[in-house]
Amino acid sequence: MTSARLLAVLLTATFSRLAAQIPQLSATLALPSPALAPGGGAVSIELRNHFGFPGVGGPVVQFDTSLGRFNVELRSDAAPRHAANFLAYVQAGTYAGTFIHRSAALEAGGISIVQGGGFRSTGGSNVAAVTSLAPVALEYGLPNARGTLAAARTSDLNSATSQWYFNVRDNSTVLGPANGGGYSVFGRVLGGGMTVVDRIAALPVTNAGGVFSDLPVRDFTGGTPTAANFVLVNGVTPATVYPGGSGPAVVAFTVASSNPAVAAATVTGTILTLAAGLPGTAEITVTASETSGGTVTRTFTATVGGGTGRQAPVLATQPPAELKLAAGAPQPLILAVAATANPAPSYQWRRNRVDLPGQRGPLLVLPAAGSAEAGSYTCVVANAEGSVESRACVVTLVAATPAETGRLINLSILSPFARNEVLTIGTVVGGAGTGGSKALLARGGGPALAQLGVPDVMPDPRLIWQTQGGAAVASNDDWGGGAALSAAFAQVGAFPFASASSRDAAILQPALPAGNYILEVRDATGTPGVAIAELYDATPAAVVTAASTRLVNVSVRRDIPEGESLVAGFFLGGSTARTVLVRAVGPGLAAFGVPETMPDPQLILFGDRGVVVGENDNWGGEVELAAFAASVGAFPLANPASNDALLLLTLAPGKYTVQLKGKQAGGAALIEVYEVR
């Protein structure tokens, strides 16, 4: 499996908090206007950094119906049990051949919902109920707004099984808590997908008796409806936002050049490549199209030779649009921009459009942000050719309980394992001012990955948990389907294992003392294959206090072959932002006697939708970076000129993915993620 596909799968294996409105395909960042040398090397642009669905980061599925295809994001953050339940039906192929059996008005004004997932056409007018799994308890949290996907149930709050419905209208009130406790929303339609749902809602309905009293029908002239009249669901399939992952992609890219003799443009997956030809200029038009027909087009100019090569600044990465900091003790606020320009640009950070003294680099560093630091932050990047101002990052301080305060709660590593290879994950449990123990969940998934479309999985993962000093803590070969483990999976939002008898591994430590720990992942028989190793904070949110022991650091070390990458995902929980330090260490490991270290690791941090949040090649010995590293207990990088890579950023809650790759060659390398407080 390629590193790009590993990244795509990992991006769908962990979850983030998202808004409820229908996300639309958008141009998220301006495309650059590159200058190329005649006959010089090609220029590549990663289009996922420039187009996407803002706020979308959960698993995506594609509905294929008689009236068209559309895509849905599952809200695993808000209703994890319902999202996992729905995915189990999807992965089993249960919804293939089913039909929309209800199109109903819940109040005056037209059709309110269209409902399916309960019945399958067996030919002609014959139908059969689908086989249902165990019911799922109510998870009311999100309103039943237009475009949302929710679980159908009886008058029993905890009776939802296979059936679901789409809200055609805003049913927030009629299906809200006053209606018997409400109905669980666990997904939302993406882009123009509601055009398909609206087509279904516009069909006439007929009373076919029983539960089919509001059956939507096509080409129906009377009598008994048959399969030809049903709105069939041909299938529901796991999908990805961008091409290159497993399953159909929501977005596809095309490109055209106004003058291919000057700049030939091609696109493969999400990579746009420009090849220089004759001197001159060419207008490059990029179109992003989504399954349901929506498109976004952007044009930029490519220049080949005939000029000075000078270029006004173009922003490659920008600060987030919003950050909410927990009110109380001051905490770091770190923002960053990255730009391409020739000559090299200057930087000036501003708050509420007033220049901030001393903040004249690509990194804004406020070591102790409090109420006085609330405001709107931008960065002006300028050179002699022009200037550009970043989008505003609105920073607010909000009251937050300890459970709502941003914190590190998960690390996931998806990787192919060689024969007899062992992957080592490290973690530090503790934190200044904390006490007591910590509940942690560790998982090693191999067979479970097959349900996500991953080929060549590890057949029999095994976990060994020990202290840094080598004392045994726990181990597991086959997880056994225990009730406590299953409950822990649901609590932390982990995807379910396929069956109780699978050879996946899991360990729940309900009261782990503070300290340093090592988790080893391997196949029980040394067989190669792809596996996912996961570590979760399993402390229930209801019992989190300011003095609760925390996951202050997670790390993974591996020998990375030349040309390959190490990909790790982490999750920030709560509802407020947290500053993190991310390190990709290669040369710095030599001080500990590690042989054959990676000489020049590169670090890329991705957020939701695979958009690049930050990247670093060489850390440059920055004094502030070294100081923050010392403050969190990270081992020092003795050589300020080393090729190790570091990122220091304040991040909103959600899912992030770290990619470490060698610029020159492979070798031993380490990814570390630290909370900064």
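Nothing in this text is a laboratory measurement; each read-out follows from the coordinates by a stated rule. The model shown is predicted, which means the values in this text are computed figures rather than measured ones. All Cβ positions, even for glycine, are placed from backbone atoms using ideal geometry, and neighbour counts span all protein chains on display.
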- Query: For the pair V174 and A641, how long in nm is the line joining their label points, each one 7 Å along Cα→Cβ?
  - Reply: 7.2 nm
- Extension gain (nm, one decimal) between A630 and A105, 0.36 nm per residue minus Cα-Cα: 182.9 nm
- Message: From the phi angles alone, apply the Karplus equation (6.51, -1.76, 1.60; θ = phi - 60°) to the range 623-633 and give each ³J(HN,Hα) in whole Hz, x where the residue is Gly or Pro.
- Response: 4, 5, 4, 4, 5, 5, 4, 5, 5, 9, x
- Between A228 and N420, what FRET efficiency comes out of the Förster formula 1/(1 + (r/R0)^6) with R0 = 56 Å and r the beta carbon distance, rounded to 0.05? 0.45
- Note on the structure: For 122-131, 278-287, ranked highest to lowest by mean beta-carbon neighbours within 10 Å, the order is 278-287, 122-131
- So, with points 7 Å from each Cα along the Cβ direction, the V43-T340 label distance in nm works out to 0.5 nm
- Task: Please give the FRET efficiency for T287 paired with Q468, using the beta carbon to beta carbon distance and R0 = 51 Å, rounded to the nearest 0.05.
- Result: 0.45
- Residue-ordered couplings for the range 236-243, obtained by feeding phi - 60° into the Karplus form 6.51 cos²θ - 1.76 cosθ + 1.60 and rounding to whole Hz (Gly and Pro as x), are 10, 10, x, 9, 10, 5, 10, x
- Extend 7 Å from the Cα of V354 along its Cα-to-C-beta direction; within the range 372-403, residues with backbone N under 18 Å of that point are 372-380, 393-397
- Query: So, in Å, what gap is there between the alpha-carbon centers of the range 581-652 and the range 20-60?
  - Reply: 25 Å
- Query: Could you give the length gained on full extension between V211 and T527, defined as 0.36 nm per residue of separation minus the Cα-Cα distance, in nm?
  - Reply: 108.7 nm
- Item | FRET efficiency estimate (nearest 0.05) - Cβ-Cβ, A134 to Q24, R0 41 angstrom | 0.70
- List the GluC sites (Glu not before Pro) in the range 603-677 that DSSP assigns to loop (not H, G, I, E or B) and whose Cβ has at most 13 other Cβ atoms within 10 Å. Which are they? none
- By how many nm would the segment from T221 to E520 lengthen if fully extended, with 0.36 nm per residue of separation less the alpha-carbon distance? 101.1 nm
- Under a plain spin-label model, where a point goes 7 Å from the Cα along Cα-to-Cβ, how far apart in nm are T299 and S376? 3.0 nm
- Query: Say a paramagnetic label sat at a point 7 Å from the Cα of A368, along Cα to Cβ; which residues of the range 399-425 have their backbone N under 14 Å from it?
  - Reply: none
- Provide L485, L133, L648 in ascending order of the number of other Cβ atoms located within 10 Å of each residue's Cβ, fewest first. L133, L485, L648
- Note on the structure: Exposure proxy check on I271, I409, I532: fewest-to-most Cβ neighbours within 10 Å is I271, I409, I532
- Message: Can you show me the helix-derived [θ] at 222 nm for the chain, built from DSSP H runs with n ≥ 4 at -39,500 (n - 2.57) apiece and divided by the number of residues, rounded to the nearest 500.
- Response: -2000 deg cm²/dmol
- Message: Just to be sure I understand, if you calculate semi-axes √(5λ) of the Cα gyration tensor in Å for this structure, which of [x] 41, 33, 25; [y] 57, 32, 19; [z] 50, 33, 22 do you get?
- Response: [x]
- Item | Phi to ³J(HN,Hα) by Karplus 6.51 cos²θ - 1.76 cosθ + 1.60 over the range 343-357, Hz, x for Gly, Pro | x, 4, x, 9, 10, 9, 7, 10, 10, 6, 6, 10, 4, 9, x
